[in-house]
């Protein structure tokens, strides 16, 4: 962390263009004015770090930068509202993404009123990250996902998590991001 801050200070003080290559996503987000994500020698996406993080252009960028949960909609048993299910079918959406920090654990499986995405699963493990905990779970469709919670929060063996439509990212079957303006009658994204 101190080295990142010093590199950033030196770069700003020298007022020169600097290319910094790293596989560390936190480092890339912290240091970049412009971020380029590459895969197999090809550019997957480039732009301001906030934009790349908030609107990943591909499934690869989404999972690499911030570790987004990516669910294969063919095998997913995610509970979605009817308008979103209809849009998924019409648009031939292959993948749904949601970041671990955008999921919320509900106390009782029936406490999902108003949620746009509901996932039920079985906890497989937990990682203590200081004040937070990363809970790994397997969904009913035999897919794995993670939810980020406060470290003091108790987690049952069977878990239900929810998310809002604004936090859901949609990708086509080739892994390209679909527009945020898909026609959803339950509201706009």
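Going by C-beta contacts inside 10 Å, put 73, 68 in order with the fewest on the left.
73, 68
What is the order of 76, 173, fewest Cβ neighbours within 10 Å to most?
Ordered by Cβ neighbours within 10 Å, fewest first: 173, 76.
Provide the convex hull volume over Cα atoms per residue for the chain, in Å³.
Values: hull volume 25.7 nm³, N = 189.
Residue-normalised Cα hull volume stands at 136 Å³.
Mind ranking 129-136, 162-169 by how tightly packed they are, going by the mean number of other C-beta atoms within 10 angstrom, highest first?
Ranked from most to least packed, the peptides come out as 162-169, 129-136.
Could you sort 145-155, 16-26 so that the peptide with the highest average Cβ count within 10 Å comes first and the rest follow in order?
By packing density, highest mean first, the sequence is 145-155, 16-26.
Round to the nearest 10 and give me the degree value, 0 to 90, for the angle of helix 2-14's Cα axis relative to the longest principal axis of the chain.
So the inclination is approximately 50 degrees.
Between 0 and 90 degrees, rounded to the nearest ten: what's the tilt of helix 82-91 against the longest Cα principal axis of the chain?
So the helix axis and the longest Cα principal axis differ by about 60 degrees.
Per residue of the chain, what 222 nm ellipticity follows from adding -39500 (n - 2.57) for every DSSP H run with n ≥ 4, rounded to the nearest 500?
-6000 deg cm²/dmol
Could you give the length gained by full extension between residue 136 and residue 10, i.e. 0.36 nm per residue of separation minus their alpha carbon distance, to one decimal place? Show your work: numbers first, answer last.
Values: separation 126, 0.36 × 126 = 45.36 nm, distance 3.90 nm.
Working it through step by step, the gained length comes to 41.5 nm.
Ranked highest first by the average count of other Cβ atoms within 10 Å around their residues, in what order do 52-63, 106-117 fall?
Order by mean packing, descending: 52-63, 106-117.
Taking the beta-carbon count within 10 Å as an exposure proxy, list 3, 65 from fewest neighbours to most.
3, 65
Over the stretch 70-172, what is the mean sequence separation of C-alpha contacts under 8 Å (at least six apart), divided by residue count, expressed as relative contact order in percent?
It rounds to 37 percent for the stretch 70-172.
Bear in mind that the values in this text are calculations on the coordinates, not laboratory data. Quantities reported herein were computed from a predicted structural model and do not represent experimental measurements. Methodologically, a virtual Cβ is constructed for each residue, glycine included, from the backbone with ideal geometry; neighbour enumeration extends over all protein chains shown.
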